[in-house]
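Enquirer: Following this message is one structure expressed as structure tokens.
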Protein chains: 2
Amino acid sequence: MKIVVDAMGGDFAPQAVVEGVVMAVNDMDVDVVLVGIEDRIQEELDKHTYPREKIEVVHASEVVNMDEPAITPLRKKRDSSIAQGIKLLKDSQYDAFISAGNTGAVVAASTITLGMLKGVERPGIGLVIPTLKKFSFLIDVGANADPKPNHLFQSALMAEVYAREILGLDNPSVGLLNIGEEATKGTDFIKETHRLMTERLPNFQGNIEASEIFTGRCDCIIADGFVGNVVIKVSESLMEASAALLRREIKKSPVAMFGAALMKSRLQQIKRYADYTEYGGAPLLGVNGIVMISHGRSSPKAVRNAIRAAKREIDHNILNILLKEIGIQ
Amino acid sequence: MKIVVDAMGGDFAPQAVVEGVVMAVNDMDVDVVLVGIEDRIQEELDKHTYPREKIEVVHASEVVNMDEPAITPLRKKRDSSIAQGIKLLKDSQYDAFISAGNTGAVVAASTITLGMLKGVERPGIGLVIPTLKKFSFLIDVGANADPKPNHLFQSALMAEVYAREILGLDNPSVGLLNIGEEATKGTDFIKETHRLMTERLPNFQGNIEASEIFTGRCDCIIADGFVGNVVIKVSESLMEASAALLRREIKKSPVAMFGAALMKSRLQQIKRYADYTEYGGAPLLGVNGIVMISHGRSSPKAVRNAIRAAKREIDHNILNILLKEIGIQ
């Protein structure tokens, strides 16, 4: 098994990426191809100890920045780590591609270069989110901001497969994110999507309100890429703001500081629980290849965990299952 | 000053509403008209001590339930507390209407019965949200799920007036909620709205990502009613889920329980800070009258605070200012 990793993607690249890759090859049965500026990658690799034969470096001279248009790897920067990495995945029979770089660019390059899975019209980025019960799978968190009802329907089918095969959930339930529970609520787009899912999705539970995302009521939560993206960014920033507020308040009182010290291991447990990087990556579903998008601020651990998540998809042969189940719809 | 309050609105009506109204008349210079089922209101009133002349009861025989269609007070239940309360506001020269009932029904009845402010096409529900700096004003959190760019532009104008006059912010800044900072990001609808605001809104700061809502970067944050509603529901539920998780973790360790006890006053400070009910109500802007929508789960304190917020709008003559400033656009 060989996974291609964008060495230049993310705010802490290439250091964090290389370190995460080294962690991965040291404790998993996986080989990695690091794509990016060779000198800089090698410089980072030299800091670590690892089985040499498990990491290969492929040079790509350009880097797509976080604020560049999605089309960049396809037009201006064809020798970028994103463009070359996805090309490697396509041409060289490698097994997966992982990037913590420009999400739009990864989505665009994957869609065009790899093509879509037969039967799927648009890709969707899924995210495993922690809930009060266990995990749910939210799709789409940012690939397709302006989808058609059929795109959400197909995302729901993919989410079901992912939740069952990768998250191990039996007969996963599906909810459509809406601003009310009744079928009559929401925009025309959402109402049409609701009709389509009611007709064609046996496990469809109807609408789910945003207030229920973290309760674990639905295994799969379907939203357009705009709303899904807002959900994860609000959630992430609110957790950060709460933590900042907590620190600020605690510092006002020595007694509270002592109290916080006593609670430390429990607070860390919560942090770990709510930590998106625990899962490490968000699968880009619908393209003809295993692509994993990591958080821009990915730590080495997040990169390692993204590799673990990609490995799981490969082990479970997710592409073939998706192809089989979506293809017949 | 006389404020009409829907006695039957909210999950804990009429008890919580009546209790909140009694709190308000006891410590503010305000009179209240309670609208709803007279016997039940009187029964609750009898439990309290208050200046009799400050609370009037007007009978309305029906109640709009939380899950009924928005059109209910206009069609099926014309003698509901919502329909009659808004009618009172219109016909009797009272000063404001407050309801913790069915939001859609309050919006529909207000829009049709009161009509729109001259120059405004659609109403928007604004919400004062706590940020790491102070407060921001998010509009629309649920009145208009499928707006046109011009509706968001008008909401931005109203938000500026509200932030300046009611929240006391100098020269409030405006941001458009989007999934990226660049003008090229988002849906066609958002891009067109961005163009319109860039052209016609001097204090427009461009797009703001959901991750920045709680940092306080923009005083006014503009979103369509679908996205805005998702933002507040995700935020609220995430805070609740975090608190539940915290309690669960703390209970696992006596040391942590002791630590939490030492932190209690600080944790309560945060709870107070993040508490939406502190502000008590969300103004429905754009209709020709002062209407305040309270949370369905409003406590007596939330009802009291909603009355205080409505009183502030009346004191600042917000309707006339809105009319003057929006009317000339």
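The values are calculated or read from the model by the stated rules, or taken from the named source; none is laboratory data. Quick caveat, the model's predicted, so the values are computed rather than measured. FYI the Cβ positions are ideal-geometry reconstructions off the backbone, even for glycines, and counts take in every protein chain you see.
Enquirer: Looking at A:Ala13, A:Ala24, which one is in the same structural domain as A:Lys301 (by TED's automatic domain parsing) and in a loop (DSSP other than H, G, I, E, B)?
Expert: Answer to the check: A:Ala13.
Enquirer: Suppose the filter is surrounded by 22 or more Cβ atoms within 10 Å (Cβ to Cβ) and among the charged types (D, E, K, R); does A:Asp140 pass it?
Expert: yes
Enquirer: Say whether the condition of being closer than 16 Å to B:Asp95 by Cβ, hydrophobic (A, V, I, L, M, F, W, C), more than 14 Å from chain A (Cβ to nearest Cβ) and buried (at least 24 other Cβ atoms within 10 Å of the Cβ) is met by at least one residue in the range B:298-306.
Expert: yes
Enquirer: Return the only residue of B:Val35, B:Val58, B:Val30 being in contact (Cβ under 8 Å) with a residue 24 or more places away in the chain, touching a Lys or Arg at 6+ places or on another chain (Cβ under 7 Å) and more than 14 Å from chain A (Cβ to nearest Cβ).
Expert: Sole residue among the options that is in contact (Cβ under 8 Å) with a residue 24 or more places away in the chain, touching a Lys or Arg at 6+ places or on another chain (Cβ under 7 Å) and more than 14 Å from chain A (Cβ to nearest Cβ): B:Val30.
Enquirer: List the residue pairs whose Cβ atoms are under 6 Å apart, where the first residue sits in the range A:67-85 and is within 14 Å of another protein chain (Cβ to nearest Cβ), the second is small (Gly, Ala, Ser), and the two are 6 or more positions apart or on different chains.
Expert: From residues that are within 14 Å of another protein chain (Cβ to nearest Cβ), the pairs are A:Ala70/A:Gly104; A:Ala70/A:Ala105; A:Ala70/A:Ala108; A:Ile71/A:Ala108; A:Thr72/A:Ala105.
Enquirer: To continue, here is another question. Output the strands (runs of 3 or more DSSP E) that fall wholly within the range A:122-199 and possess 1 or more residues being of a type in the set (S, T, N, Q) and under 30 Å from B:Pro69 (Cβ atoms), or say none.
Expert: It comes to A:135-139, A:174-178.
Enquirer: Residue by residue through the range A:1-15, note down the ones that are surrounded by fewer than 24 Cβ atoms within 10 Å (Cβ to Cβ) and under 19 Å from A:Ala282 (Cβ atoms).
Expert: A:Asp11, A:Phe12
Enquirer: I've got another one for you. Of the conditions (1) crowded, with 23+ Cβ neighbours inside 10 Å; (2) outside the structural domain of A:Ile221 (by TED's automatic domain parsing), A:Gly126 satisfies every one except a single condition; which number is it?
Expert: (2) is the only condition that A:Gly126 fails.
Enquirer: Can you pull out every residue in the range B:174-194 that is more than 7 Å from chain A (Cβ to nearest Cβ), surrounded by fewer than 19 Cβ atoms within 10 Å (Cβ to Cβ) and either touching a residue at least 40 places away in the same chain (Cβ under 8 Å) or under 22 Å from A:Ile179 (Cα atoms) (or both)?
Expert: B:Phe189, B:Glu192
Enquirer: For the subset of the range A:136-158 comprising residues that are of a type in the set (A, V, I, L, M, F, W, C) and in contact with an Asp or Glu (Cβ under 8 Å, 6 or more places away or on another chain), which member is nearest to B:Val234 (Cα to Cα)?
Expert: Top of the filtered list is A:Phe137.
Enquirer: Return a yes/no flag: does the range A:214-228 have any residue that is in contact with a Lys or Arg (Cβ under 6 Å, 6 or more places away or on another chain) and closer than 30 Å to A:Glu165 by Cα.
Expert: For the range A:214-228, residues in contact with a Lys or Arg (Cβ under 6 Å, 6 or more places away or on another chain) and closer than 30 Å to A:Glu165 by Cα: present.
Enquirer: Determine whether the range B:62-79 contains at least one residue that is within 20 Å of the chain's Cα centre (by Cα), buried (at least 24 other Cβ atoms within 10 Å of the Cβ) and not hydrophobic (A, V, I, L, M, F, W, C).
Expert: Yes, because at least one residue in the range B:62-79 is within 20 Å of the chain's Cα centre (by Cα), buried (at least 24 other Cβ atoms within 10 Å of the Cβ) and not hydrophobic (A, V, I, L, M, F, W, C).
Enquirer: When the residues of the range B:105-120 are filtered to those that are modelled with pLDDT of 95 or more and not hydrophobic (A, V, I, L, M, F, W, C), which remaining residue is surrounded by the most Cβ atoms within 10 Å (Cβ to Cβ)?
Expert: Among residues in the range B:105-120 that are modelled with pLDDT of 95 or more and not hydrophobic (A, V, I, L, M, F, W, C), the one surrounded by the most Cβ atoms within 10 Å (Cβ to Cβ) is B:Ser110.
Enquirer: A further question on this structure: Which is in contact with a Pro (Cβ under 6 Å, 6 or more places away or on another chain) and farther than 18 Å from A:Val231 by Cβ, of B:Thr193, B:Thr198?
Expert: After applying the criteria, what remains is B:Thr193.
Enquirer: Something else now. Out of everything in the range B:222-240 that is under 14 Å from the mean Cα position of the chain (by Cα) and more than 7 Å from every other protein chain (Cβ to nearest Cβ), what residue ends up being surrounded by the fewest Cβ atoms within 10 Å (Cβ to Cβ)?
Expert: Residue satisfying both the conditions and the ranking: B:Ile232.
Enquirer: Another question about this same structure. Please specify each residue of the range B:313-329 satisfying the condition of being of a type in the set (A, V, I, L, M, F, W, C) and either outside any loop (DSSP other than H, G, I, E, B) or assigned by TED's automatic domain parsing to the domain that holds B:Asn26 (or both).
Expert: Selection gives B:Ile314, B:Ile318, B:Leu319, B:Ile321, B:Leu322, B:Leu323, B:Ile326.
Enquirer: Let me ask something else. Restricting to the range B:199-215, and then to whatever is over 22 Å from B:Asn150 (Cα atoms) and polar (S, T, N, Q), can you tell me which residue is surrounded by the fewest Cβ atoms within 10 Å (Cβ to Cβ)?
Expert: Residue satisfying both the conditions and the ranking: B:Thr215.
Enquirer: Taking B:Glu212 and the conditions (1) within 12 Å of chain A (Cβ to nearest Cβ); (2) among the charged types (D, E, K, R); (3) in contact (Cβ under 8 Å) with a residue 60 or more places away in the chain, which numbered condition does it fall short on, given that it satisfies the others?
Expert: That leaves (3) as the condition not met.
Enquirer: Something else: Being touching a Ser or Thr at 6+ places or on another chain (Cβ under 9 Å) and crowded, with 21+ Cβ neighbours inside 10 Å: is that true of B:Arg266 here?
Expert: yes
Enquirer: Further question: Can you tell me how many residues in the range B:241-251 are loosely packed, with under 15 Cβ neighbours inside 10 Å, at the interface with chain A (Cβ under 7 Å from one of its Cβ atoms) and in contact with a helix residue (DSSP H, G or I) (Cβ under 9 Å, 6 or more places away or on another chain)?
Expert: 0
Enquirer: When the residues of the range B:131-173 are narrowed to those that are under 16 Å from B:Ala210 (Cβ atoms), of a type outside the set (Ser, Thr, Tyr) and within 13 Å of another protein chain (Cβ to nearest Cβ), which ends up farthest from the chain's Cα centre (by Cα)?
Expert: B:Leu132
Enquirer: Kindly indicate whether B:Val33 is outside any helix (DSSP H, G or I), of a type in the set (Val, Ile, Thr), touching a helix residue (DSSP H, G or I) at 6+ places or on another chain (Cβ under 7 Å) and at pLDDT 95 or above.
Expert: So B:Val33 fits the description; yes.
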